[in-house]
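Report on the following structure.
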Amino acid sequence: MNNTGIKASLNTLRSSVKKVGFICAMDCELDAVTKLFDSVTIKKVGPTDFYLGKICGIDAVAAKCGVGKVFAAICAQTMILTFSPDLIINTGVAGNLSKSLKIGDVALSSAVVQHDMDTSPLGDPVGLISGINMTEIKSDLDSALVMQSALNEIGINSEIGVIASGDQFVASSEKKEFIKETFGAISCEMEGASVGHVCFVNGVRFLVVRALSDDADGASPDDFPAYCVKVSENSSKAIYAFMKALS
Ligand code: SAH
């Protein structure tokens, strides 16, 4: 993407995004966002604490949803109805499925899929979401391009591609290959496609931004706890660079 393309994406975002929502599954991921706030007020809605403030002068709302697709959906729908963000970024850590990425690098979504959605015995494609009749839900390309350009400037390697979510911690080459081959995914985690699904049905822009904590293989049960906090720092840098570009 050349500079003219990035400028066009940036202009689109600047005119349409006045408030950004951040959804994270775990404490270390939420800390990476809330430490960027100028000042914070907390509002509890249902089971969730929402952190309200500004990042680089732009209105922001952040919340920890908990692990998995159901918690992520509860949080995304509540955030949309209560705070009306123009863009929701689901951020945190994830497993790596791409040969171009390594632990610490950042996966950005072009689209999201639910790798554990399967009505194929009825003749549907694996991953099809009945009702909206889609397997892939496209995320906001302008946001991905601006985020990638911001990451390039601060020297963090990233790739834009399909991110696959499911209610499973992926830690075997068998599962990893299934997700890569079936969906062409570059990363796997447990919330992004749920946030994307909720955003799609509500007409809200979304992006998944994940720093890679492990390679979704046999080493993941050790790598995930070892790298989770450390690589969350790269999510934090990514968000700051993105919000600064927007401001
Ligand atoms: N009981 C643990 C569960 C963590 S699950 C806890 O509460 O800390 C792993 C989390 O990191 C999920 O939120 C998921 O989105 C992400 N993740 C990181 N690596 C992953 C992998 N290899 N497979 C699936 N999700 C992964």
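The values are calculated or read from the model by the stated rules, or taken from the named source; none is laboratory data. Computed from a predicted model, the values in this text were never measured in an experiment. No Cβ is skipped: glycine too gets one built from the backbone with ideal geometry, and neighbour counts run over all protein chains shown. In case anyone asks, the SASA skips ligands and DNA or RNA and just uses the protein heavy atoms, side chains included. Shrake-Rupley method; radii C 1.70, N 1.55, O 1.52, S 1.80 Å.
A few remarks follow.
- Test for VAL146: is it within 24 Å of SER16 (Cβ to Cβ), open to solvent by 40 Å² or more (accessible area, probe 1.4 Å), away from the ligand (no atom under 16 Å from the Cβ) and assigned to a helix (DSSP H, G or I): no
- Within segment 21-58, being touching a residue at least 40 places away in the same chain (Cβ under 8 Å), buried (at least 16 other Cβ atoms within 10 Å of the Cβ) and over 21 Å from MET190 (Cα atoms) holds for LEU36, ILE55, CYS56, ILE58.
- Subset of segment 31-49 [hydrophobic (A, V, I, L, M, F, W, C) and within 18 Å of VAL70 (Cβ to Cβ)]: VAL45
- Close pairs from segment 160-179: first more than 10 Å from the ligand (Cβ to nearest atom), partner assigned to a loop (DSSP other than H, G, I, E, B), Cβ under 6 Å, at least 6 apart: VAL162/GLY184; SER173/ASP217
- Scanning segment 187-205 for residues that are open to solvent by 10 Å² or more (accessible area, probe 1.4 Å) and more than 13 Å from the ligand (Cβ to nearest atom) yields a total of 8.
- Sole residue being at pLDDT 95 or above, part of a loop (DSSP other than H, G, I, E, B), open to solvent by less than 70 Å² (accessible area, probe 1.4 Å) and closer than 18 Å to LYS237 by Cβ, chosen from ILE160, ILE156: ILE156
- Within segment 16-42, tally of residues that are away from the ligand (no atom under 14 Å from the Cβ) and either in contact with a Leu (Cβ under 6 Å, 6 or more places away or on another chain) or in a loop (DSSP other than H, G, I, E, B) (or both): 10
- GLY104 vs. criteria in contact (Cβ under 8 Å) with a residue 60 or more places away in the chain, outside any loop (DSSP other than H, G, I, E, B) and either within 16 Å of the ligand (Cβ to nearest atom) or open to solvent by 60 Å² or more (accessible area, probe 1.4 Å) (or both): no
- The number of residues in segment 209-247 that are assigned to a loop (DSSP other than H, G, I, E, B), open to solvent by 10 Å² or more (accessible area, probe 1.4 Å) and within 20 Å of LEU97 (Cα to Cα) comes to 4.
- Answer residue from segment 180-208, given it is part of a loop (DSSP other than H, G, I, E, B) and in contact (Cβ under 8 Å) with a residue 40 or more places away in the chain and is farthest from ASN234 (Cα to Cα) among those: VAL204
- Given (1) aliphatic (A, V, I, L, M); (2) open to solvent by 40 Å² or more (accessible area, probe 1.4 Å); (3) within 25 Å of ASP116 (Cα to Cα), number of the condition ALA76 does not satisfy: (2)
- Some residue of segment 123-140 being within 16 Å of the ligand (Cβ to nearest atom), acidic (Asp, Glu) and free of Cβ contacts under 8 Å to residues at least 40 places away in the same chain: no
- Of the set (1) more than 17 Å from VAL106 (Cα to Cα); (2) free of Cβ contacts under 8 Å to residues at least 12 places away in the same chain; (3) among the small types (Gly, Ala, Ser), all apply to GLY155 but (1).
- Complete set of residues in segment 59-71 that are more than 11 Å from VAL33 (Cα to Cα) and open to solvent by less than 20 Å² (accessible area, probe 1.4 Å): CYS65, GLY66, GLY68
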